[in-house]
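**Q** Handing you a structure now.
The values are calculated or read from the model by the stated rules, or taken from the named source; none is laboratory data. Only a predicted model underlies this, so the values are computations on that prediction, with no experimental measurement involved. As a convention, Cβ positions derive from the backbone with ideal geometry for all residues, glycine included, and neighbour counts pool all protein chains shown.
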């Protein structure tokens with residue numbers, strides 16, 4: 001039997017509507033009363049007031065666990081930052097200066113591979129390898145030379161033999177490195193040498209120096225106990241002077257670096273410089289309306305000296321720019337690097353996923 005059709009008159013609908021609205025208002029009033037009762041100052045440690053209060057938890061129980069989803073994974077100690085201020089007598093004179101860029105010039109990777117192979121005694125002809133390289137390998141598992149087709153024309157030599165014995169004298173290792181590198185055009189007389197011992201091998205590094213400043217460009221030779229070289233690397237591109245870069249005054253360069261988005265311009269700390277005095281954030285911790293306030297320590301650094309020098313900046317294509325930059329001193333005896341070239345010679349690009357960015361450094365010449 002069919003159910004009778006339910007029809008509702010407008011009067012009945014209005015009555016139901018008023019009744020429903022009245023019930024909603026009652027529910028809201030009850031909810032608001034419950035929210036007001038949950039004033040943070042009145043919530044017992046044990047939990048909700050409607051539940052019998054539990055004993056106060058122990059100190060161990062108050063420590064959040066790593067599995068608690070309401071706890072941040074960031075662990076931070078004291079909070080501090082640095083604020084740079086220019087001294088009143090800091091120079092702000094504009095000028096021009098020389099920068100440097102790398103240039104492969106007429107160096108051809110395939111020809112360089114043959115030259116380095118001959119220098120290190122590796123027989124064979126250069127063949128095309130992975131990552132746009134040329135490889136010379138006389139025999140399987142034997143010594144090998146690789147030259148890359150990138151802006152620096154990087155190269156390395158490797159000999160996989162494991163040789164036992166005592167390390168050679170460091171002076172002897174330097175002489176071996178000098179003898180090998182000098183014919184390849186390395187400025188051995190002006191390089192900054194760094195010699196260390198790694199187990200029974202001596203690692204000799206020759207760093208390229210510009211205007212008395214060591215660059216990140218250099219050559220390495222690793223000497224085994226029997227005096228044989230088991231690893232060497234370097235680059236063949238030249239540094240070409242680029243004159244006429246407009247240079248900001250030191251005060252203007254500092255002001256620009258402190259603007260939003262200019263952090264890449266410095267100030268960048270120099271390793272090993274500065275005071276050894278430990279700094280602490282003073283207390284006590286204040287409160288506002290009973291809530292603790294985050295106390296952040298700010299170290300004000302007064303830039304009191306600036307000398308025009310050079311700084312290195314790697315380019316997206318794998319090349320290197322060495323640009324006029326200030327070497328500034330702060331009142332805590334630290335040194336910092338600060339980009340000095342004018343705005344016209346600086347451009348920014350939005351970062352993209354690495355997979356979407358073409359890499360000209362890997363394009364073979």
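**Q** Determine which single condition residue 171 fails, assuming it passes every other condition in (1) in the same structural domain as residue 206 (by TED's automatic domain parsing); (2) within 30 Å of residue 267 (Cα to Cα); (3) free of Cβ contacts under 8 Å to residues at least 12 places away in the same chain.
**A** If we test residue 171 against (1) in the same structural domain as residue 206 (by TED's automatic domain parsing); (2) within 30 Å of residue 267 (Cα to Cα); (3) free of Cβ contacts under 8 Å to residues at least 12 places away in the same chain, just (2) comes out false.
**Q** Can you name the number of the only condition in (1) in contact with a strand residue (DSSP E or B) (Cβ under 8 Å, 6 or more places away or on another chain); (2) at pLDDT 95 or above that residue 171 fails?
**A** (1)
**Q** Look at segment 173-190 and say how many of its residues are farther than 15 Å from residue 228 by Cβ and assigned to a helix (DSSP H, G or I). Talk me through it step by step, then tell me what you get.
**A** Step one: of segment 173-190, the residues farther than 15 Å from residue 228 by Cβ are 174, 178, 181-190.
Imposing the further condition that a residue be assigned to a helix (DSSP H, G or I) reduces the set to 174, 178, 181-184.
Number of matching residues: 6.
**Q** Go through segment 179-202 and give me each residue that's crowded, with 16+ Cβ neighbours inside 10 Å and without any contact (Cβ under 8 Å) to a residue 24 or more places away in the chain.
**A** Within segment 179-202, 188 is the sole residue that qualifies.
**Q** Still on this structure: Could you tell me whether residue 274 is closer than 27 Å to residue 332 by Cα, assigned to a loop (DSSP other than H, G, I, E, B) and modelled with pLDDT under 95? Talk me through it step by step, then tell me what you get.
**A** Numbers: closer than 27 Å to residue 332 by Cα: yes; assigned to a loop (DSSP other than H, G, I, E, B): yes; modelled with pLDDT under 95: yes.
When the stated conditions are applied, residue 274 passes them.
**Q** Additional query: Restricting attention to segment 157-168, report how many residues are modelled with pLDDT under 95, surrounded by 13 or more Cβ atoms within 10 Å (Cβ to Cβ) and closer than 26 Å to residue 114 by Cα.
**A** Qualifying residue count for the region: 1.
**Q** Out of all the residues in segment 210-217, is one or more part of a strand (DSSP E or B) and without any contact (Cβ under 8 Å) to a residue 24 or more places away in the chain?
**A** Taking segment 210-217 as the starting set, the residues that turn out to be part of a strand (DSSP E or B) are 210, 213-217.
So of that shortlist, the ones also without any contact (Cβ under 8 Å) to a residue 24 or more places away in the chain come out as 214.
Among the residues of segment 210-217, at least one is part of a strand (DSSP E or B) and without any contact (Cβ under 8 Å) to a residue 24 or more places away in the chain, which makes the answer yes.
**Q** Okay, next question. For segment 145-156, state whether one or more residues are surrounded by 13 or more Cβ atoms within 10 Å (Cβ to Cβ), over 18 Å from residue 107 (Cβ atoms) and in contact with a strand residue (DSSP E or B) (Cβ under 6 Å, 6 or more places away or on another chain). Lay out the reasoning, then the answer.
**A** Of all residues in segment 145-156, those surrounded by 13 or more Cβ atoms within 10 Å (Cβ to Cβ) come to 145-156.
Then keep just the ones that are over 18 Å from residue 107 (Cβ atoms); that gives none.
Checked against the condition, which is being surrounded by 13 or more Cβ atoms within 10 Å (Cβ to Cβ), over 18 Å from residue 107 (Cβ atoms) and in contact with a strand residue (DSSP E or B) (Cβ under 6 Å, 6 or more places away or on another chain), segment 145-156 yields no hits at all.
**Q** Only one residue in 136, 188, 102, 115 is touching a strand residue (DSSP E or B) at 6+ places or on another chain (Cβ under 6 Å) and modelled with pLDDT of 95 or more, so which one is that? Let's see the steps before the verdict.
**A** On the way: 188 fails: touching a strand residue (DSSP E or B) at 6+ places or on another chain (Cβ under 6 Å); 102 fails: modelled with pLDDT of 95 or more; 115 fails: touching a strand residue (DSSP E or B) at 6+ places or on another chain (Cβ under 6 Å).
It is 136.
**Q** I'm told residue 80 meets every condition in (1) in a strand (DSSP E or B); (2) modelled with pLDDT of 95 or more; (3) within 30 Å of residue 327 (Cβ to Cβ) except one. Can you identify the failing condition by its number?
**A** All conditions pass for residue 80, except number (2).
**Q** Residues of segment 86-134 being in a strand (DSSP E or B) and either touching a helix residue (DSSP H, G or I) at 6+ places or on another chain (Cβ under 8 Å) or over 30 Å from residue 247 (Cβ atoms) (or both), which ones? I'd like the intermediate steps shown before the answer.
**A** Start the filter on segment 86-134 by keeping residues that are in a strand (DSSP E or B), which leaves 86, 95-103, 127-128, 133-134.
Across segment 86-134, the qualifying residues are 86, 127, 128, 133, 134.
**Q** I've got another one for you. Residue 321 - would you say it is surrounded by 16 or more Cβ atoms within 10 Å (Cβ to Cβ) and in contact with a strand residue (DSSP E or B) (Cβ under 9 Å, 6 or more places away or on another chain)? It would help to see each step written out before you state the result.
**A** On the way: surrounded by 16 or more Cβ atoms within 10 Å (Cβ to Cβ): yes; in contact with a strand residue (DSSP E or B) (Cβ under 9 Å, 6 or more places away or on another chain): yes.
Yes: the conditions hold for residue 321.
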